[in-house]
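Chemist: Have a look at the structure that comes next, please.
The values are calculated or read from the model by the stated rules, or taken from the named source; none is laboratory data. Computed from a predicted structure; not experimentally measured. We place every Cβ from the backbone using ideal geometry, glycine too, and count neighbours over all the protein chains shown.
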Amino acid sequence: MSRLVFLIILFGVGYLLYHLYGKNLRKQGPKGLIKPALIAALVLLILAVATGRANAIFAVIGGLIAAAWRMAPLLMRFYPQIRQILGKYSPGVAGGTGNVSKVSTATLVMNLDHATGRIDGEITAGQFKNRTLSELSFDEILQFYTVCERQDPEALRLLQAFIEREFPEQWKKTGKQNASSTPPSDEAMSVSEAWETLGLSPGADQTAIIAAHKKLMGRLHPDKGGSNFLASRVNLAKDRLIAEIQQQNGSGS
């Protein structure tokens, strides 16, 4: 009987909280669910203590911690590969939803994760096709750099930004850090490329454009250890999209 009462109370509290707060929290995405999840866990723990079921919960938690401790070395070893796989199938990444910015050239698609500021890229042509920069050794990176010097100057500047972040000491020893990083011209970026660069879906308003630009510049500004070239691309994308919106508003008036 006590178990039935416990389940009824639990269901009633959960149902009430969902209708009061749940729908609004879901609109905020995963970050909005963290606090209520912690509160729910605390409530469940209190109820378990009150009904004498705490020992079972602590046993489960202890088992999970022990399993995580044993798995930690393996997870750390394969973390880049796991993160890459999850990123490909995450609904928040594809299609320019404000989580990842993309800059594409003939041989490289460079991605910037807005949440972590991490830069990585997928090679789309040549010897290292279908591999990511983070998978390559420094020697392989230099081989790809040599190819870009001959065939893809724009990829060269993106690659340099990656190397400066991931291999700063080894990069200094090569003496190549003065490679060209001149900003692209206005003609070098289409509207679709501008949306990808800011990680926004087409049709976002000017407020969203400015907010995305500000966030990205916080990650990329040269004064904060970022990349001159990528910062110039982000600036260009913002200007390109705002000019496009103003042009549409002017033609529609």
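Chemist: Filter the stretch 176-200 for residues that are part of a loop (DSSP other than H, G, I, E, B) and at pLDDT 75 or above; which is surrounded by the fewest Cβ atoms within 10 Å (Cβ to Cβ)?
Modeler: SER190
Chemist: Right, next: Going by the conditions given, is ALA115 exposed (fewer than 14 other Cβ atoms within 10 Å of the Cβ), at pLDDT 75 or above and either part of a strand (DSSP E or B) or of a type in the set (Gly, Ala, Ser) (or both)?
Modeler: No; evaluated as a whole, the condition is false for this residue.
Chemist: Here's a follow-up. Determine whether ALA48 is surrounded by 13 or more Cβ atoms within 10 Å (Cβ to Cβ) and either at pLDDT 70 or above or of a type in the set (A, V, I, L, M, F, W, C) (or both).
Modeler: Yes.
Chemist: Taking PRO168 as the residue in question, decide whether it is of a type outside the set (Gly, Ala, Ser) and at pLDDT below 85.
Modeler: Against the criterion (of a type outside the set (Gly, Ala, Ser) and at pLDDT below 85), PRO168 qualifies.
Chemist: Continuing with this model, one more query. Given the conditions (1) among the polar types (S, T, N, Q); (2) without any contact (Cβ under 8 Å) to a residue 40 or more places away in the chain; (3) part of a helix (DSSP H, G or I), report the number of the one that SER134 does not fulfil.
Modeler: Of (1) among the polar types (S, T, N, Q); (2) without any contact (Cβ under 8 Å) to a residue 40 or more places away in the chain; (3) part of a helix (DSSP H, G or I), only one is false for SER134: (2).
Chemist: Here's a follow-up. Being surrounded by fewer than 19 Cβ atoms within 10 Å (Cβ to Cβ) and assigned by TED's automatic domain parsing to the domain that holds LYS215 is the requirement here; does GLU135 meet it?
Modeler: Yes.
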